[in-house]
Amino acid sequence: MREIVLDTETTGLDPAEGHRIVEIGAVELVNHIATGRTWHQYINPRRPMTPEALAVHGLDDAFLADKPPFEAVLEGFIGFIGTARLVIHNAPFDMRFLNAELTRFGRPALPDDRALDTLAMARQRFPGAPASLDALCRRFGVDNSGREKHGALIDCFLLADVYLELIGGRQPDFALGAADGRGSGSASDWRPRPRPTPLPPRLTAAEEAAHAAFVAGLGEGAVWSRYR
């Protein structure tokens with residue numbers, strides 16, 4: 001099963017107000033294991049960042065000025081995510097921005113049910129507890145010391161670790177389904193196959209005789225004598 005852990009950074013909070021994506025990060029998982037494949041791109045939004053976004057992301061208009069616009073990276077982005085499920089923290093936010101960009105350039109919107117929202121998962125598992133990415137990193141012991149500012153790719157790496165903890169721990173099924181060639185990724189589907197040739201006995205004839213003599217010496221009341 002292929003999944004893409006995804007994060008965006010934006011100029012503001014609402015695409016309906018004209019705000020745009022300035023950064024996209026994506027990390028590939030196959031059977032819940034990171035493959036090492038990533039996709040990352042800064043994007044020129046063709047509009048200024050809000051002061052709040054500047055403070056959060058550490059990006060500024062001068063830095064973004066020579067970056068490609070969204071339409072220039074569109075094909076690369078679509079090609080990388082393919083048909084994989086998207087794992088996103090606060091998925092409605094990112095999906096709104098992604099779909100605003102896709103539809104702006106004549107591409108079909110991504111269906112909402114394609115995204116798995118780790119924020120909703122965390123709130124369901126830990127009701128009433130803080131569920132930000134930083135809070136979940138602290139809860140699961142994920143090192144987020146390098147996250148001085150919000151950055152799409154570093155947030156994807158952190159979220160990948162958090163996501164695997166939310167679904168039951170890293171390598172939750174040990175990829176047993178994939179290992180036997182079926183690719184289901186489910187440990188419950190795996191069954192041991194019969195040994196084609198039984199193992200030979202390891203006891204010698206002398207050891208068997210010595211054991212029989214020992215049991216005989218215990219008398220008929222011994223447990224081994226009753227259950228032979």
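Taken together, the values in this text are just the output of simple stated rules run on the coordinates, not laboratory data. Keep in mind that what you see is a predicted model, and the values were worked out from it rather than measured. In this analysis, Cβ positions are derived from the backbone assuming ideal geometry, glycine residues included, and neighbour counts consider all displayed protein chains.
Computed values, structure above
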{"quantity": "Dimensions (Å) - the range 2-189, Cα atoms, principal axes, largest first", "calculated": "51, 35, 26"}
{"quantity": "Chymotrypsin sites (Phe, Trp or Tyr not before Pro) lying in DSSP loop within the range 37-146, provided at most 12 other Cβ fall within 10 Å", "calculated": "Phe105"}
{"quantity": "Sparse-neighbour loop sites [trypsin sites (Lys or Arg not before Pro); the range 1-99; at most 12 other C-beta within 10 Å; DSSP]", "calculated": "Arg46"}
{"quantity": "Additional length obtainable on full extension of the chain from Asp60 to Met1, 0.36 nm per residue less Cα span", "calculated": "17.5 nm"}
{"quantity": "Inter-label distance for Leu13 and Glu75, nm, one decimal - labels placed 7 Å from Cα along Cα-to-Cβ", "calculated": "3.8 nm"}
{"quantity": "Per residue convex hull volume, Cα atoms of the range 79-127, in Å³", "calculated": "70 Å³"}
